[in-house]
Amino acid sequence: MRCTMPHLHRAVPTNFGKHGASLTTKFGNRFVYQHTKRTKRSSCVDRNFFFPDVLKRFGMQDANLAPTPLCHKTRLDIEMSNDREADSAVYQSITGTLMYAATSTRPDIAYAVAALCRYNSKRYVTHMMAAKHVLRYVKGTADIGLVFPSAMASSTSASNSTGILYGYTDSDFAGDRADRKSQGDFLFRANSATIDWQSKK
């Protein structure tokens with residue numbers, strides 16, 4: 001899906017300072033760093049100062065890395081008779097923290113986090129293990145962020161024309177075995193930069 005939108009590139013940030021910067025904001029009772037790395041051709045916004053503290057808080061700093069946000073063999077259900085319930089406060093803290101990252105700079109974990117948040121009110125050990133699997137994934141990808149090409153790089157890119165909006169969407173088609181509803185996703189890019197995304201049931 002694509003559509004032509006003149007002057008759309010003006011809405012995409014291209015200047016974050018001469019050498020990059022760190023923006024400090026309050027997250028609960030903690031300070032969160034939004035780090036910006038800038039070169040002549042692009043600027044990258046990430047949360048690589050945020051994740052080490054998160055991993056330490058949940059005791060995952062020495063955990064093994066995971067190659068994907070969710071294991072394809074994991075089955076998440078609202079009722080799991082052969083499983084025991086997990087700690088509600090810890091689970092909701094993990095999913096809330098991951099949701100903050102997923103909605104700010106990490107579209108790659110949006111699907112996994114949206115799926116896990118459906119079980120905030122009734123979660124089992126299987127759900128907790130899946131949430132910690134996402135933490136293991138972000139441990140190995142903490143420096144991933146959003147890249148915004150400079151105006152010069154965007155104008156010379158052969159794969160993305162200036163002023164064209166690209167949209168991508170997908171759905172798992174009745175992936176929830178309890179109510180047979182689907183979880184859908186979309187992502188939009190302009191000037192080689194990701195500008196909007198969402199994953200929801």
Check: Does residue 59 count as on the phi > 0 side of the Ramachandran plot, modelled with pLDDT of 95 or more, of a type in the set (Gly, Ala, Ser) and surrounded by 10 or more Cβ atoms within 10 Å (Cβ to Cβ)?
Finding: yes
Next item on the list: Among the residues of the range 165-187, write down those that are farther than 15 Å from residue 108 by Cα and of a type in the set (A, V, I, L, M, F, W, C).
Entry: 165, 173, 174, 178
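Just for the range 147-159: of the residues that are out of contact with any helix residue (DSSP H, G or I) (no Cβ under 8 Å at 6 or more places or on another chain) and either crowded, with 17+ Cβ neighbours inside 10 Å or closer than 28 Å to residue 97 by Cα (or both), which one is modelled with the lowest pLDDT? It would help to see each step written out before you state the result.
Start the filter on the range 147-159 by keeping residues that are out of contact with any helix residue (DSSP H, G or I) (no Cβ under 8 Å at 6 or more places or on another chain), which leaves 147-150, 152-153, 155-159.
Restricting the remaining residues to those that are either crowded, with 17+ Cβ neighbours inside 10 Å or closer than 28 Å to residue 97 by Cα (or both) gives 147-150, 153.
Details: 147: 91, 148: 88, 149: 87, 150: 80, 153: 60.
Ranking the qualifying residues of the range 147-159, first place goes to 153.
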Check: Is it fair to say residue 49 is surrounded by 15 or more Cβ atoms within 10 Å (Cβ to Cβ) and at pLDDT below 90?
Finding: yes
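Quick one: how many residues across the range 178-201 are of a type in the set (Gly, Ala, Ser) and on the phi > 0 side of the Ramachandran plot? Write out each step before concluding.
Of the range 178-201, the ones of a type in the set (Gly, Ala, Ser) are 178, 182, 184, 190, 192-193, 199.
After this cut, where a residue has to be on the phi > 0 side of the Ramachandran plot as well, the list is 192.
Number of matching residues: 1.
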Item checked: Matching residues, the range 44-92, being without any contact (Cβ under 8 Å) to a residue 24 or more places away in the chain and either closer than 15 Å to residue 117 by Cα or under 16 Å from the mean Cα position of the chain (by Cα) (or both) -> 89
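Can you tell me which residues in the range 93-126 are more than 17 Å from the chain's Cα centre (by Cα) and crowded, with 17+ Cβ neighbours inside 10 Å? Spell out how you get there, then give the answer.
Taking the range 93-126 as the starting set, the residues that turn out to be more than 17 Å from the chain's Cα centre (by Cα) are 119-126.
Within the range 93-126, 119, 123, 124, 126 qualify.
In the range 160-170, which residue that is surrounded by 12 or more Cβ atoms within 10 Å (Cβ to Cβ) and part of a strand (DSSP E or B) is modelled with the lowest pLDDT? Spell out the reasoning first.
Initially, the range 160-170 is screened for residues surrounded by 12 or more Cβ atoms within 10 Å (Cβ to Cβ), giving 160-168, 170.
From what's left, part of a strand (DSSP E or B): 164-168, 170.
Numbers: 164: 85, 165: 90, 166: 92, 167: 95, 168: 95, 170: 93.
Residue satisfying both the conditions and the ranking: 164.
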Next item on the list: Working only within the range 59-111, note down all residues that are in contact with a Lys or Arg (Cβ under 7 Å, 6 or more places away or on another chain) and assigned to a loop (DSSP other than H, G, I, E, B).
Entry: 60, 63, 64, 65, 66, 77, 78, 86, 105
Margin query: Condition first: under 19 Å from residue 66 (Cα atoms) and of a type in the set (Asp, Glu). Now tell me which residues in the range 85-144 satisfy that.
Written below: 108, 143
Item checked: the range 181-199 - residue that is hydroxyl-bearing (Ser, Thr, Tyr) and assigned to a strand (DSSP E or B) and, of those, surrounded by the most Cβ atoms within 10 Å (Cβ to Cβ) -> 199
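The values are calculated or read from the model by the stated rules, or taken from the named source; none is laboratory data. For clarity, every value in this text was computed on a predicted model and none was experimentally measured. Note: ideal-geometry Cβ built from the backbone for every residue, glycine included; neighbour counts use all protein chains shown.
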